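Student: First, the structure itself, so that you have it in front of you.
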Amino acid sequence: MSYTPIVLGISGGSCIELALHFIKRFPKDRALYVVPTQNAAMLCQAEKKQNLRNLINAIRTDNLVIHDSMTSPLASGSFYFESCIILPTSSNTLSSIANGLQSNLLTRVGAVCLKEKRKLILGVREMPLSAILLENMAKLANLGVYIAPPIAGYYGGICDLESLHDFLVGKYFDMLDIPHDLFVRWDGNVRN
């Protein structure tokens with residue numbers, strides 16, 4: 001079966017580990033384009049004391065391409081990709097996309113999703129949320145963007161960090177129409 005590529009953007013919000021888990025769990029037979037920002041690379045160095053590109057390539061190299069230049073084909077609406085998820089989405093990236101600013105490849109990819117009406121999912125990583133961020137989220141949600149902060153549903157059998165990451169990545173896979181068995185779905189039954 002042939003699939004069109006998915007784009008994973010990684011911005012400078014704290015939550016790099018979740019983006020790496022997304023790459024780890026992403027189906028190996030599907031093409032994944034990863035777009036890290038400079039701030040994401042700096043944050044990875046601060047959080048994990050490692051190079052982000054090296055970490056990504058240690059997880060996966062098959063069907064994976066890392067793009068970080070505005071000369072990337074992803075910067076053009078004529079280059080087709082199915083969807084984009086930005087995980088984590090920093091408040092700066094959210095605000096840039098909401099206001100049409102395209103200062104790096106990731107915000108340009110966000111603009112392409114909006115103009116081409118492609119699925120865009122923002123894993124906003126910020127707390128508490130200011131009124132300005134909430135306004136920007138509402139603006140984007142009204143344009144069809146999925147605002148999806150990494151918030152756990154504890155019915156999913158979360159018992160450690162790995163199962164938390166599986167739950168969150170599974171929820172993002174649901175939004176991307178990617179089949180998975182990463183968590184136990186709510187079935188309406190209350191267990192004792």
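Student: Within region 15-29, work out how many residues are open to solvent by less than 10 Å² (accessible area, probe 1.4 Å) and either under 12 Å from Thr61 (Cα atoms) or in a loop (DSSP other than H, G, I, E, B) (or both).
Tutor: Residues in region 15-29 being open to solvent by less than 10 Å² (accessible area, probe 1.4 Å) and either under 12 Å from Thr61 (Cα atoms) or in a loop (DSSP other than H, G, I, E, B) (or both): 2 in total.
Student: Against the condition modelled with pLDDT of 95 or more, among the small types (Gly, Ala, Ser) and touching a helix residue (DSSP H, G or I) at 6+ places or on another chain (Cβ under 6 Å), how does Ser76 come out, does it pass?
Tutor: On the way: modelled with pLDDT of 95 or more: yes; among the small types (Gly, Ala, Ser): yes; touching a helix residue (DSSP H, G or I) at 6+ places or on another chain (Cβ under 6 Å): no.
Spelling it out, it is not the case that Ser76 is modelled with pLDDT of 95 or more, among the small types (Gly, Ala, Ser) and touching a helix residue (DSSP H, G or I) at 6+ places or on another chain (Cβ under 6 Å).
Student: Does Asp177 satisfy the condition of being at positive phi and open to solvent by 50 Å² or more (accessible area, probe 1.4 Å)?
Tutor: For Asp177, the condition - at positive phi and open to solvent by 50 Å² or more (accessible area, probe 1.4 Å) - is met.
Student: Answer yes if at least one residue in region 41-63 is under 17 Å from Tyr172 (Cβ atoms) and either outside any helix (DSSP H, G or I) or of a type in the set (Ser, Thr, Tyr) (or both), and no otherwise.
Tutor: Among the residues of region 41-63, at least one is under 17 Å from Tyr172 (Cβ atoms) and either outside any helix (DSSP H, G or I) or of a type in the set (Ser, Thr, Tyr) (or both), which makes the answer yes.
Student: Starting from residues that are in contact with a Phe, Trp or Tyr (Cβ under 7 Å, 6 or more places away or on another chain) and outside any loop (DSSP other than H, G, I, E, B), keep the ones in region 64-80 and report whichever is surrounded by the fewest Cβ atoms within 10 Å (Cβ to Cβ).
Tutor: So, considering only residues that are in contact with a Phe, Trp or Tyr (Cβ under 7 Å, 6 or more places away or on another chain) and outside any loop (DSSP other than H, G, I, E, B), the one surrounded by the fewest Cβ atoms within 10 Å (Cβ to Cβ) is Pro73.
Student: While we're here: Give the residue, chosen from Glu82, Glu17, that is closer than 16 Å to Ala111 by Cα and of a type in the set (D, E, K, R).
Tutor: That would be Glu82, the only listed residue that is closer than 16 Å to Ala111 by Cα and of a type in the set (D, E, K, R).
Student: OK, next. Can you name every residue in region 172-188 that is assigned to a loop (DSSP other than H, G, I, E, B), more than 15 Å from Val145 (Cα to Cα) and within 18 Å of the chain's Cα centre (by Cα)? Explain how you work it out, then say what you get.
Tutor: Initial filter on region 172-188 (assigned to a loop (DSSP other than H, G, I, E, B)): 176-188.
The next check asks that each one be more than 15 Å from Val145 (Cα to Cα); those that pass are 177-188.
If the condition is that a residue be assigned to a loop (DSSP other than H, G, I, E, B), more than 15 Å from Val145 (Cα to Cα) and within 18 Å of the chain's Cα centre (by Cα), then Asp177, Ile178, Pro179, His180, Leu182 are the ones that fit.
Student: Does region 13-41 hold any residues that are over 12 Å from the mean Cα position of the chain (by Cα), closer than 24 Å to Leu161 by Cα and in contact (Cβ under 8 Å) with a residue 60 or more places away in the chain, and which are they?
Tutor: Ser14, Arg25, Pro27
Student: Quick one: Asn136 ticks every box in (1) at pLDDT 95 or above; (2) surrounded by 18 or more Cβ atoms within 10 Å (Cβ to Cβ); (3) within 14 Å of the chain's Cα centre (by Cα) except a single one, so which number is it?
Tutor: (3)
The values are calculated or read from the model by the stated rules, or taken from the named source; none is laboratory data. Since this is a predicted model, take the numbers as computed values, not measurements. Reconstructed Cβ throughout: ideal geometry from the backbone, glycine too, with neighbour counts over all protein chains shown. Just the protein is used for accessible areas: all its heavy atoms, side chains included, with ligands, DNA and RNA removed. Shrake-Rupley method; radii C 1.70, N 1.55, O 1.52, S 1.80 Å.
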